Amino acid sequence: MLEVETYRRAAHASLGRTIVAVDAPDAWFLKGGATSAQVVAALVGRSFVTDRRRGKLLLLDTSDDGPTLGLRFGMTGVLELDGVDAIDQLQYASHRKDPAWERFVVHFHGGTALRLRDPRRLGGVELDPDEERLGPDAASVGVAELGRILAGSDAPLKARLMDQARLAGLGNLLTDELLWRSALDPARAAGSLGPTEVRRLHRNLRRTLDELGSRGGSHMGDLQEARHRGSVCPRDGAPLQRRTIGGRTTYSCPAHQH
Ligand SMILES: [Zn+2]
């Protein structure tokens, strides 16, 4: 989500430019049943008028009451505007400019372009994505709302925080970093947190997003260097635990996360 926020800021520079052509060569990359011809017809002649983000979804509204373009980047998608990558150090992404990885390109009047490059094709493009399927954005959720999201749930805390329908934006690395900073065990039942713990989690959520955002992305956390077998906690030196929680590889410290 921190990466997508960076992409949103980059895409802002494309607002108001007239779209003259669209390349959508990869049917797999088009979601929601749209065909390449439909996407081309919906965008050509219009321009982007607003840039928004909800969780990991980048939203570009179009002129003349046209559709909203939704862009997802998965783990390896990179946004390029006017020939420049919006992020130059994304951990999982390659910055080789292989034309075969260009899944979607919007060409503007004057020869500039917005390109989505994705070697692993984990992202996607959709017209009018259902934004209501997503929970409130993790960067702006309030403490009371966060408490309600967790309350009464038997799901592991980490899985609940990553459930995009309840809270949009948190991926695997960010959630491990957040829980490590918050001294909370990712496997604990989400509903078992007391009010003090919810406040601590919320405080750390804001702080973690701010700090990692300014450092350059979700892979810039303090726990990151210890995400390998046999590592120890950067805070207290205890051996880290490696588990699968919510289907994702999870690192946590049994000494200080409870
Ligand atoms: Zn520790």
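The values are calculated or read from the model by the stated rules, or taken from the named source; none is laboratory data. Source: prediction; values computed, not measured. No Cβ is skipped: glycine too gets one built from the backbone with ideal geometry, and neighbour counts run over all protein chains shown. All accessible areas refer to the heavy atoms of the entire protein, side chains included, with ligands and DNA or RNA removed. Shrake-Rupley method; radii C 1.70, N 1.55, O 1.52, S 1.80 Å.
Right, Ala155: surrounded by fewer than 16 Cβ atoms within 10 Å (Cβ to Cβ) and out of contact with any Pro (no Cβ under 6 Å at 6 or more places or on another chain) or not? Before the answer, list the steps.
Values: surrounded by fewer than 16 Cβ atoms within 10 Å (Cβ to Cβ): no; out of contact with any Pro (no Cβ under 6 Å at 6 or more places or on another chain): yes.
In short, no.
Quick check on this structure: which one of Leu150, Leu184, Leu179, Leu201 is of a type outside the set (S, T, N, Q) and touching a Gly at 6+ places or on another chain (Cβ under 8 Å)?
Numbers: Leu184 fails: touching a Gly at 6+ places or on another chain (Cβ under 8 Å); Leu179 fails: touching a Gly at 6+ places or on another chain (Cβ under 8 Å); Leu201 fails: touching a Gly at 6+ places or on another chain (Cβ under 8 Å).
Every option except Leu150 fails the conditions.
Which condition number does Arg199 fail, the rest of (1) out of contact with any Pro (no Cβ under 7 Å at 6 or more places or on another chain); (2) open to solvent by less than 40 Å² (accessible area, probe 1.4 Å) being met?
(2)
Quick check on region 217-236: of everything there that is surrounded by 14 or more Cβ atoms within 10 Å (Cβ to Cβ), aliphatic (A, V, I, L, M) and near the ligand (Cβ under 10 Å from one of its atoms), which residue is farthest from the chain's Cα centre (by Cα)? Show your work before the answer.
Going residue by residue through region 217-236, those that are surrounded by 14 or more Cβ atoms within 10 Å (Cβ to Cβ) are 217-224, 226-227, 231, 233-235.
In the following step, the residues that additionally are aliphatic (A, V, I, L, M) were identified as 220, 223, 226.
Now narrow it down to the ones that are near the ligand (Cβ under 10 Å from one of its atoms): 223, 226.
Details: Leu223: 19, Ala226: 22 Å.
Checked region 217-236; the qualifying residue farthest from the chain's Cα centre (by Cα) is Ala226.
Where in region 23-112 are there strands (runs of 3 or more DSSP E), lying wholly inside it, with at least 1 residues that are out of contact with any Pro (no Cβ under 9 Å at 6 or more places or on another chain) and farther than 19 Å from Ala168 by Cβ? So that I can check it myself, show each step before the final result.
Details: elements: 48-54, 57-62, 68-72, 78-81, 102-108.
Fully inside region 23-112 and qualifying: 48-54, 57-62, 78-81, 102-108.
Please identify the pairs in which a residue from region 127-141 that is open to solvent by 20 Å² or more (accessible area, probe 1.4 Å) has its Cβ atom under 7 Å from the Cβ atom of a residue that is in a helix (DSSP H, G or I) and not charged (D, E, K, R), counting only partners at least 6 apart or on another chain.
Qualifying pairs under 7 Å: Leu127/Val39; Leu127/Ala42; Ala139/Leu209.
Is it true that Ala159 is among the small types (Gly, Ala, Ser) and over 20 Å from the mean Cα position of the chain (by Cα)?
Numbers: among the small types (Gly, Ala, Ser): yes; over 20 Å from the mean Cα position of the chain (by Cα): no.
When the stated conditions are applied, Ala159 does not pass them.
Find the residue count for region 168-183, including only residues that are open to solvent by less than 10 Å² (accessible area, probe 1.4 Å) and in contact with a Lys or Arg (Cβ under 8 Å, 6 or more places away or on another chain). Reasoning before the result, please.
Narrowing region 168-183 to residues open to solvent by less than 10 Å² (accessible area, probe 1.4 Å): 168-170, 174-179, 182.
Next, from what is left, pick out any that are in contact with a Lys or Arg (Cβ under 8 Å, 6 or more places away or on another chain): 168-169, 175-176, 179, 182.
Qualifying residue count for the region: 6.
Of the residues that make up region 10-32, is at least one under 16 Å from the mean Cα position of the chain (by Cα) and open to solvent by 70 Å² or more (accessible area, probe 1.4 Å)? Full working, then the answer.
Restricting attention to region 10-32, the residues satisfying the condition of being under 16 Å from the mean Cα position of the chain (by Cα) are 10-11.
Add one more test, that the residue is open to solvent by 70 Å² or more (accessible area, probe 1.4 Å), and what stays is none.
The answer is no; no qualifying residue exists.
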